[in-house]
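In what follows, a single structure is set out as structure tokens and then discussed.
The values are calculated or read from the model by the stated rules, or taken from the named source; none is laboratory data. Just so it is clear, the structure is predicted and the values come from calculations on it, not from any experiment. Backbone-built Cβ (ideal geometry, glycine too); neighbour counts: all protein chains shown. The area values use the complete protein model at the heavy-atom level, side chains included, leaving out ligands, DNA and RNA. Shrake-Rupley method; radii C 1.70, N 1.55, O 1.52, S 1.80 Å.
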Amino acid sequence: MTEYAKDVLVSTGWVAEHAHDKNVKLIEVDEDILLYDTGHIAGAQKIDWQLDLWDQVEREFIPAEALSALLGRLGVTPEDTVILYGDKSNWWASYAYWFFAYNGVRGLKLMNGGRQKWAAEERELVTDAPEAQAAQPYPGLSRNEDLRAYRDEVRAHIGSVKAGTGAMVDVRSPDEFSGKVTHMPNYPQEGVLRGGHIPGASNIPWARATNEDGTFKTADELKTLYAAEGVTADKNVIAYCRIAERSSHSWFVLRELLGFENVKNYDGSWTEWGNSVGVPIEKTYRES
């Protein structure tokens, strides 16, 4: 790994060499929750982001005690290195990373390039599910609200953006940002009532931070990308997308790779904002 990413990224080669180390736990988190069953890295366990991370009644995450039990079931302890990877250049692996970090889980890393790079290198995928050595419930979890933004906080943050002390990063596609469409490309079932973006937001689509093979770009490339839109380390930054999976990827870039100290992920994102009463929305698309 390059120096800037050595504490939070591992390569596919590293995983191939260390996947069976006693204190290494591999977890696959895919958008396509059925993909794991078609083949996964030997020893990797699966997290279903819909069933495992979200409360099934309230639009909220599972509470700390449920996450503690989940990690214990997966055999994860505070002494372990937890390697997350998945499809879509690690969309949902980044989401799980952010959620785990938000709750105080230690030893987190992403496999650079995710599942697609592993497969492109023709590395082995197996269909046998591993037998997890269950551990005690993960101890000492505590939420760090410095990593998560809520709607009213985002609304107040618009003033910071205007004052030049804050930045807002909309990581969705240009058509979503402009208001031309109210859903992510190829996801028409996931639209919202109103299109557009939060006033003052800069549109920096998440994929601009990655190479063709799904790996992250260099530190210099990433700094240049964000600085060109006024997103710099001296500002308080909030990232958002539709439901926070793509913005978790950008949050990872800004906070974990580039070391920005004040970066929050807006979990409600456009699903909440675009359907809310009494919040401002900018729209740059005009019908011809």
For GLU121, the accessible surface traced by a 1.4 Å probe with all protein chains present amounts, in square angstrom to the nearest 10, to 70
Shape box of the chain [Cα atoms, principal axes, largest first, Å] | 55, 40, 36
List, largest first, the extents of the alpha carbons of the stretch 1-83 along their principal axes, each in whole Å.
-> 41, 30, 26
In debye to the nearest 20, how big a dipole does the chain give about its Cα centre with +1 on each Lys and Arg Cβ and -1 on each Asp and Glu Cβ?
-> 860
Which of TYR97, LEU74, LEU258 sits closest to the plus end of the dipole of the chain, meaning its Cα is farthest towards the positive end, when Lys and Arg get +1 and Asp and Glu get -1 on the C-beta?
-> LEU258
Select from GLY214, GLY278, ILE158 the residue farthest towards the positive end of the dipole of the stretch 141-288; place +1 on Cβ of Lys and Arg, -1 on Cβ of Asp and Glu, and compute about the Cα centre.
-> GLY278
Of the listed pairs LYS162/LYS264; LYS25/LYS223; LYS6/LYS264; LYS180/LYS264; LYS117/LYS235, those with alpha carbons more than 24 Å apart are LYS25/LYS223; LYS180/LYS264; LYS117/LYS235
Per residue accessible area in Å² of the chain, where ligands, DNA and RNA are left out and the probe is 1.4 Å | 45
For the stretch 141-288, what proportion of DSSP beta bridges, expressed in % and rounded to the nearest 5, is antiparallel?
-> 15
Say the dipole of the stretch 13-86 comes from +1 at the beta carbon of Lys and Arg and -1 at that of Asp and Glu; which of HIS20, ALA64, LEU84 then lies farthest toward its positive end?
-> HIS20
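Where the accessible area of the stretch 1-160 is counted over protein heavy atoms with a 1.4 Å probe, how much of it, in %, is carbon and sulfur?
The value for the stretch 1-160 is 49 percent carbon and sulfur by accessible area.
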Quick one: order THR165, THR271 from most to least accessible surface, probe 1.4 Å.
-> THR165, THR271
Loop-located trypsin sites (Lys or Arg not before Pro) in the stretch 15-95, at most 14 other Cβ atoms within 10 Å (DSSP) | LYS22, ARG59
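Given the stretch 1-115, what percent of its DSSP beta bridges are antiparallel, to the nearest 5?
Counting DSSP beta bridges with both partners in the stretch 1-115, the antiparallel share is about 10 percent.
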Evaluate the charge dipole of the stretch 52-190 about its Cα centre and quote only its size in Debye, nearest 20, assuming +1 on the Cβ of each Lys and Arg and -1 on the Cβ of each Asp and Glu.
-> 480
Please get the size of the charge dipole for the stretch 155-288, origin at its Cα centre, with Cβ charges of +1 on Lys and Arg and -1 on Asp and Glu, quoted in debye to the nearest 20.
-> 400
Within the stretch 93-152, which trypsin sites (Lys or Arg not before Pro) sit in a loop by DSSP and count at most 16 neighbouring Cβ atoms inside 10 Å?
-> ARG106, ARG123, ARG143
For the chain, longest principal axis from Cα atoms; helix 64-73 axis from its Cα atoms; angle between them, nearest 10 degrees, is 30
Taking the DSSP beta bridges in the chain as the whole, what percent of them are antiparallel, to the nearest 5?
-> 15
